[in-house]
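Chemist: Right, I'll just put the structure down here and ask away after.
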Amino acid sequence: MADWKPTACILCTCNCGIEVQLGGEANREFTLIRGDKAQPVSQGYACEKPQRLNYYQDNNSRIFAPLRRTEDGGFEEVDWDTAIREVAERLASVGDTHGGDKIFYYGGGGQGNHFPAAYSTATRAVLGMQYSSNALAQEKTGEFWVTGKMFGGWPHPDFGNAEVAVFLGKNPWQSHGLPRARVTLRQIARDPKRTMIVIDPRRTETAELADIHLAVRPGRDAWLLSAILGVIVQEGLADEDWLAEHATDYDDVCASLRNVPVAEYAKTAGIDVAAVREVAHRIAEAESVALVEDLGVQQNRHSTLVSYLSRLLWLLTGNFAKQGGMGIPTSLLGAGLGSDQGPAFDESTRPRSPVTGSRIISGLIPGNLIPDEILTDHPDRFRAMIVESGNPAHSLADSQRMKEALEALEFLVVIDVAMTETARLADYILPTPTQYEKAEATFFNFEHPKNYFHVRRPLLEAPDGVLPEPEIHARLVEALGELPHDDIETLNEALSEGRPQFAAAFMSAMQSNPKVGATMPAVLYRTLGPTLPSGLESAAVLWGLATLGFMSAPDSIRRAGHESPEALFDAIISSPSGLIFSVDDYDESWKRIGAEGGKINLGIPELYEELGGLMSEIPIAGSEEWPFLLSAGERRSFTANTIFRNPEWRKKDRAGALRINPADADGLGLSEGDLACLTTKRASVNVPVELTDTMQAGHVALPNGLGVDYSGVDLESAPIGVAPNDLTATEDRDWLAGTPWHKSVPARVEAI
Ligand SMILES: Nc1nc2c(c(=O)[nH]1)N[C@H]1C(S)=C(S)[C@@H](COP(=O)(O)OP(=O)(O)OC[C@H]3O[C@@H](n4cnc5c(=O)[nH]c(N)nc54)[C@H](O)[C@@H]3O)O[C@H]1N2
Ligand SMILES: Nc1nc2c(c(=O)[nH]1)N[C@H]1C(S)=C(S)[C@@H](COP(=O)(O)OP(=O)(O)OC[C@H]3O[C@@H](n4cnc5c(=O)[nH]c(N)nc54)[C@H](O)[C@@H]3O)O[C@H]1N2
Ligand code: SF4
Ligand SMILES: [Mo]
């Protein structure tokens, strides 16, 4: 019997621990897969998707040698020395002519791999690159801006202990995003003392389990949340003593909510006012409330405002820094993701993008604005791009326009495992091993009170012709003449005496040569890397992060049994199924608030006008021209962004049906499986329909991640299903964060 080898599923942010048995041709196939009981958070849980994980590696689209674009628009193979030298020269030449800040970085990792983000910082630093973006800038940046203002940190839910669990525009039964999602959801549903509230226009699998399902009309969550908050303020349900002690600006917020016409807003949202009252009371009376919001509101109208209102829901009722509520987890990234400056940070000093002057939130330029930062003759436009482990030609709004922008660049290099929609447009493609042919890890660990980390070992040997991202970046830095060889020699000598000597030498090298700090990941990879267990060289960068993480939360990390940064690092690299690295007291969250005095800032004046404007705004609705609102990109049982490039992965519903209410279908003369023509202002596509009364009338939904081209390096185009962003437009976005309105795209459906 073959060994079970521990690794992780890479299909969603949970990164559940799994164990794999290898077999088949050359012993390179995943023949059996099960949840890994030793992973401390997923604890043996896995959903159905990783059972077919083998298709991630096994497909026609993988690339096994660096590719260079030819004159006729095809690609030719080149050796690695040539590829690295020419890519370095081309990037340096753009930098020399126009400035390094004209080279734009996109990506850094998908659902399971964040080493590219860590190692690329060296390449970016030596080229003088300043601007970057990734998928977070089309979903989470509104939330980050709000949490920056209110906390200077990113609070996360403690669903394991919450008395009331609220899912806002989120379907965790399918999309997960919380540990052991289906087990946790069933536990909440079964317990008569606990209440699950789901806010979603569709009767999702999660909504079916809920105690209360508020089937809001699409795009109208701002009215619904205002109405619930209106009840809380107007009926005196807020926890005023707690707020007086822990928060500022409560009076301002009250002033904005005291006049909300609750009944009218409830009606606008399509919800019975009695249900609005019931929810307000349930939330106010609960011992603890935890809430998560996701794409249903983050890729929708008023998204930043809704992120603000959803936080007020659990803040006005005192649900921060306590069991079952919301808290700020320990992060190995120190302050971590989603924490811009502390409360009430100064808008006037906020960085802006070079051409459109868009807010840069958490260091990211809004995805919808990227084409405008390229397709212009503005002198500060982006001229070159590095895309790494991201597929913006498919995943960003308006694929046609995004492709045009990528083609307009002077130079594009793509670092990926596969021939993607984006890679097809590149000047060079640098191929990497899959996430099972190298070590990998993510920074998607936001659990509290206990947080975890998991660096995975390679399961398979990488094929010839591919290089892991840390090696690619170290070589690029070297080719650019910026790798500090003398310091590396000194550091290696120190390392031969021991890790403490290495740490001391590293500190002094950073002080005497700024290049050491700038290229830190590459330096660690070339020094510490080779001393780590075989296959784990890439974990070198975690040494620096363990040191920073320890400094930012020593008590929590000690409580988990790691007495020093070195001990933490050693534990990380010797835990093949992952480990708990921090144990927080619930109180700890208060220390992570960025403001002096540690108070939560409830007031965000930048959003008051939008909030007040709801009173007179005509909400989005079907019209004669566009009778439907399209949710463009829904998570279903077998969808996983564009991670899979083998159509076999989806056994059922390969083309990805458009979900539609049976009465709507009937009115259009459509029956189950019929082909319909779906039109938005951007494009028309043909798609089969699935009739389901889980959809509201007037609302239709397309799956996410379809319309992927499976044909591989021969470039014969053969996408299957509809690519949702063929139908979306860049101007349909939030005014503040620039996040897209993918979940309420005006559309028309016709029988063919
Ligand atoms: N199976 C699977 N799981 C995944 C992924 C995947 O591709 N496939 N991707 C992962 C990624 S990258 C992410 S970001 C997460 C996203 O996870 P989710 O946000 O849960 O996923 P979605 O299905 O896109 O959208 C959630 C819900 O929003 C609802 N919705 C639509 N319009 C509205 C509205 O106006 N108001 C409200 N309140 N709700 C609305 C939809 O009906 C849907 O049920 O999933 C992760 N998990
Ligand atoms: N209309 C619409 N658009 C959406 C969404 C929606 O709901 N509707 N959802 C959005 C969301 S939430 C997200 S997160 C984005 C996701 O969009 P993207 O962030 O662009 O990512 P993925 O499709 O996950 O693609 C990840 C890339 O990584 C590559 N890859 C896999 N393993 C490795 C590796 O080890 N190394 C390298 N270098 N590359 C690797 C894959 O081949 C793929 O090209 O899509 C967004 N786009
Ligand atoms: S929940 Fe996410 S990470 Fe876990 S097994 Fe399912 S797809 Fe994979
Ligand atoms: Mo996402």
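The values are calculated or read from the model by the stated rules, or taken from the named source; none is laboratory data. Keep in mind that this is a model prediction, so the values were computed, not measured. Because the Cβ atoms are built from the backbone with ideal geometry, glycine has one as well, and the counts that use them run over all protein chains shown. Note: areas computed on protein heavy atoms with side chains; ligands, DNA, RNA excluded. Shrake-Rupley method; radii C 1.70, N 1.55, O 1.52, S 1.80 Å.
Chemist: Restricting attention to region 110-148, which residues are away from ligand 2 (no atom under 16 Å from the Cβ) and either over 20 Å from the mean Cα position of the chain (by Cα) or under 26 Å from residue 458 (Cα atoms) (or both)?
Modeler: If the condition is that a residue be away from ligand 2 (no atom under 16 Å from the Cβ) and either over 20 Å from the mean Cα position of the chain (by Cα) or under 26 Å from residue 458 (Cα atoms) (or both), then 125, 126, 127, 128, 129, 130 are the ones that fit.
Residues are listed down the side, and each one gets a yes or a no for (1) within 16 Å of ligand 2 (Cβ to nearest atom); (2) in contact with a Gly (Cβ under 8 Å, 6 or more places away or on another chain); (3) under 30 Å from residue 136 (Cα atoms):
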site	(1), (2), (3)
6	no, yes, yes
15	yes, yes, yes
40	no, yes, yes
56	yes, no, yes
59	yes, yes, yes
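Chemist: For the structure I just gave you, tell me whether residue 577 is closer than 30 Å to residue 256 by Cβ, modelled with pLDDT of 95 or more and open to solvent by less than 30 Å² (accessible area, probe 1.4 Å).
Modeler: No: the conditions fail for residue 577.
Chemist: Does residue 164 count as away from ligand 2 (no atom under 16 Å from the Cβ), open to solvent by less than 10 Å² (accessible area, probe 1.4 Å) and within 18 Å of the chain's Cα centre (by Cα)?
Modeler: It is false that residue 164 is away from ligand 2 (no atom under 16 Å from the Cβ), open to solvent by less than 10 Å² (accessible area, probe 1.4 Å) and within 18 Å of the chain's Cα centre (by Cα).
Chemist: Considering only region 6-24, how many residues are more than 16 Å from ligand 3 (Cβ to nearest atom) and either assigned to a loop (DSSP other than H, G, I, E, B) or surrounded by 15 or more Cβ atoms within 10 Å (Cβ to Cβ) (or both)?
Modeler: 3
Chemist: Looking only at strands (runs of 3 or more DSSP E) that lie completely in region 667-752, which have at least 1 residues being under 27 Å from residue 371 (Cβ atoms) and among the hydroxyl-bearing types (Ser, Thr, Tyr)?
Modeler: 675-679, 684-691
Chemist: Would you call residue 389 open to solvent by less than 20 Å² (accessible area, probe 1.4 Å) and of a type in the set (Ser, Thr, Tyr)?
Modeler: no
Chemist: I've got another one for you. Taking the residues in region 715-752 that are over 24 Å from residue 691 (Cβ atoms) and acidic (Asp, Glu) as candidates, determine which candidate is farthest from ligand 1 (Cβ to nearest atom).
Modeler: Looking at the filtered set, the residue picked out is 716.
Chemist: Output the number of the condition that residue 681 fails; it satisfies all remaining conditions of (1) modelled with pLDDT under 95; (2) of a type in the set (Lys, Arg); (3) surrounded by fewer than 17 Cβ atoms within 10 Å (Cβ to Cβ).
Modeler: Single failed check for residue 681: (1).
Chemist: For residues that are among the hydrophobic types (A, V, I, L, M, F, W, C) and in contact with a Gly (Cβ under 7 Å, 6 or more places away or on another chain), scanning just region 126-150, find the one that is surrounded by the most Cβ atoms within 10 Å (Cβ to Cβ).
Modeler: 137
Chemist: Let me ask something additional. Quick check on region 185-197. Is at least one of its residues over 17 Å from residue 316 (Cα atoms), open to solvent by less than 20 Å² (accessible area, probe 1.4 Å) and assigned to a loop (DSSP other than H, G, I, E, B)?
Modeler: No, region 185-197 contains no residue that is over 17 Å from residue 316 (Cα atoms), open to solvent by less than 20 Å² (accessible area, probe 1.4 Å) and assigned to a loop (DSSP other than H, G, I, E, B).
Chemist: Scan region 531-552 and tell me whether some residue there is within 25 Å of residue 83 (Cβ to Cβ), open to solvent by less than 40 Å² (accessible area, probe 1.4 Å) and touching a His at 6+ places or on another chain (Cβ under 8 Å).
Modeler: Scanning region 531-552 turns up no residue that is within 25 Å of residue 83 (Cβ to Cβ), open to solvent by less than 40 Å² (accessible area, probe 1.4 Å) and touching a His at 6+ places or on another chain (Cβ under 8 Å).
Chemist: Can you name the residue in region 202-214 that is within 12 Å of residue 167 (Cα to Cα), open to solvent by less than 50 Å² (accessible area, probe 1.4 Å) and in a loop (DSSP other than H, G, I, E, B) and is also nearest to ligand 3 (Cβ to nearest atom) among such residues?
Modeler: Step by step, filter region 202-214, then rank; the result is 204.
Chemist: Within region 30-57, restricting attention to residues that are open to solvent by 20 Å² or more (accessible area, probe 1.4 Å) and touching an Asp or Glu at 6+ places or on another chain (Cβ under 7 Å), which residue is nearest to residue 708 (Cα to Cα)?
Modeler: 55
Chemist: Look through 367, 325 and report the one residue that is surrounded by 23 or more Cβ atoms within 10 Å (Cβ to Cβ) and more than 26 Å from residue 582 (Cβ to Cβ).
Modeler: Testing whether each residue is surrounded by 23 or more Cβ atoms within 10 Å (Cβ to Cβ) and more than 26 Å from residue 582 (Cβ to Cβ) leaves just 367.
Chemist: A further question follows. Could you list, in sequence order, the residues of region 179-217 that are within 26 Å of the chain's Cα centre (by Cα) and among the basic types (Lys, Arg)?
Modeler: Selection gives 180, 182, 186, 202, 203, 217.
Chemist: Shifting gears a bit: Can you name every residue in region 161-184 that is in a loop (DSSP other than H, G, I, E, B), more than 23 Å from residue 318 (Cα to Cα) and more than 14 Å from ligand 1 (Cβ to nearest atom)?
Modeler: Answer for region 161-184, where residues must be in a loop (DSSP other than H, G, I, E, B), more than 23 Å from residue 318 (Cα to Cα) and more than 14 Å from ligand 1 (Cβ to nearest atom): just 180.
Chemist: Which ones in region 715-748 are open to solvent by 50 Å² or more (accessible area, probe 1.4 Å) and of a type in the set (Val, Ile, Thr)?
Modeler: Of everything in region 715-748, just one residue is open to solvent by 50 Å² or more (accessible area, probe 1.4 Å) and of a type in the set (Val, Ile, Thr), namely 720.
Chemist: Hey, can you tell me all the residues within region 93-125 that are in a helix (DSSP H, G or I), open to solvent by 30 Å² or more (accessible area, probe 1.4 Å) and not basic (Lys, Arg)?
Modeler: Across region 93-125, the qualifying residues are 93, 96, 97, 98, 101, 117, 121, 125.
Chemist: Could you grab me the full set of residues in region 143-183 that are in contact with a helix residue (DSSP H, G or I) (Cβ under 9 Å, 6 or more places away or on another chain) and among the aliphatic types (A, V, I, L, M)?
Modeler: 146, 150, 162, 164, 165, 166, 168, 178, 181
Listed here are the residues, each with its yes/no results for (1) more than 16 Å from ligand 3 (Cβ to nearest atom); (2) closer than 30 Å to residue 76 by Cα; (3) without any contact (Cβ under 8 Å) to a residue 40 or more places away in the chain.
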residue	(1), (2), (3)
433	yes, yes, yes
438	yes, yes, no
447	no, no, no
461	yes, yes, yes
486	yes, no, yes
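Chemist: Sticking with this one: If a residue has to be open to solvent by less than 20 Å² (accessible area, probe 1.4 Å) and assigned to a loop (DSSP other than H, G, I, E, B) to count, how many in region 58-73 make the cut?
Modeler: So the count comes out to 4.
Chemist: Please pick out the residue among 54, 59, 15 that is more than 16 Å from ligand 1 (Cβ to nearest atom), within 24 Å of the chain's Cα centre (by Cα) and not basic (Lys, Arg).
Modeler: Exactly one of 54, 59, 15 is more than 16 Å from ligand 1 (Cβ to nearest atom), within 24 Å of the chain's Cα centre (by Cα) and not basic (Lys, Arg), namely 54.
Chemist: Return the only residue of 726, 734 being within 14 Å of ligand 2 (Cβ to nearest atom), of a type in the set (D, E, K, R) and either in contact with a helix residue (DSSP H, G or I) (Cβ under 8 Å, 6 or more places away or on another chain) or not assigned by TED's automatic domain parsing to the domain that holds residue 604 (or both).
Modeler: Exactly one of 726, 734 is within 14 Å of ligand 2 (Cβ to nearest atom), of a type in the set (D, E, K, R) and either in contact with a helix residue (DSSP H, G or I) (Cβ under 8 Å, 6 or more places away or on another chain) or not assigned by TED's automatic domain parsing to the domain that holds residue 604 (or both), namely 726.
Chemist: List the helices (runs of 4 or more DSSP H) that sit entirely inside region 420-517 and contain at least 1 residues that are modelled with pLDDT under 95 and either surrounded by fewer than 23 Cβ atoms within 10 Å (Cβ to Cβ) or more than 16 Å from ligand 2 (Cβ to nearest atom) (or both).
Modeler: The helices (runs of 4 or more DSSP H) meeting that bar are 499-512.
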